[in-house]
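Peer 1: Right, I'll just put the structure down here and ask away after.
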Amino acid sequence: MCRNIKTLHNFEPPATAEEVHASALQYVRKISGMNKPSAVNAEAFDTAIEQIAAVTHRLVHSLVTTTAPKDREVEATKARERSAERYAVAR
């Protein structure tokens, strides 16, 4: 359920609004225990996502680091390689 919660800090290019929103959505889904809220809970669910995304955006953009930013494509390639090794079919 939380596969879209990824590290957002210290990447080049910086995290997009869509990435921040996706992480906030996954967080709210995880802590609420529901993928899609009922009609009666939809407003609270959506409000929580908006608020968490806003706080996350402020946090990520206010953090300071002394290390060089990571390249998104390089990190994605490394993740794919780790995944291929982890889920390799035994031959």
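Peer 1: Quick one: putting +1 on the C-beta of Lys and Arg, -1 on the C-beta of Asp and Glu, what dipole do you get for the chain around its Cα centre, in Debye to the nearest 20?
Peer 2: The calculated dipole for the chain is roughly 460 debye.
Peer 1: Counting helices only, and only those DSSP H runs with n ≥ 4, report the 222 nm mean residue ellipticity of the chain as the sum of -39,500 (n - 2.57) divided by its residues, in deg cm²/dmol to the nearest 500.
Peer 2: Mean residue ellipticity at 222 nm (helix-derived): -19000 deg cm²/dmol.
Peer 1: Considering only the other residues whose Cβ falls under 12 Å of the Cβ of ILE52, what net charge follows from Lys and Arg at +1 and Asp and Glu at -1?
Peer 2: Residues close to ILE52 contribute a combined charge of +1.
Peer 1: I would also like to ask the following. Restrict the search to segment 27-90; then list the chymotrypsin sites (Phe, Trp or Tyr not before Pro) that DSSP places in a loop and that have at most 12 other Cβ atoms within 10 Å of their Cβ.
Peer 2: Answer in residue order: TYR87.
Peer 1: Now a separate question. Which of the helices in the chain meet the span-like rule: DSSP H, Cα axial reach of 27 Å or more, Kyte-Doolittle mean at least -1.0?
Peer 2: Both cut-offs are met by 42-62.
Peer 1: If you find the alpha carbon centre of segment 15-44 and of segment 46-91, how far apart are they in angstrom?
Peer 2: The distance from the Cα centre of segment 15-44 to that of segment 46-91 comes to 17 Å.
Peer 1: For segment 11-86, what relative contact order do you get, as a whole percent, if you take Cα pairs closer than 8 Å and at least 6 residues apart?
Peer 2: Computed over segment 11-86, the figure is 48 percent.
Each value in this text was obtained by applying a stated rule to the coordinates, not by laboratory testing. None of these values were measured; they are calculated from a predicted model. We place every Cβ from the backbone using ideal geometry, glycine too, and count neighbours over all the protein chains shown.
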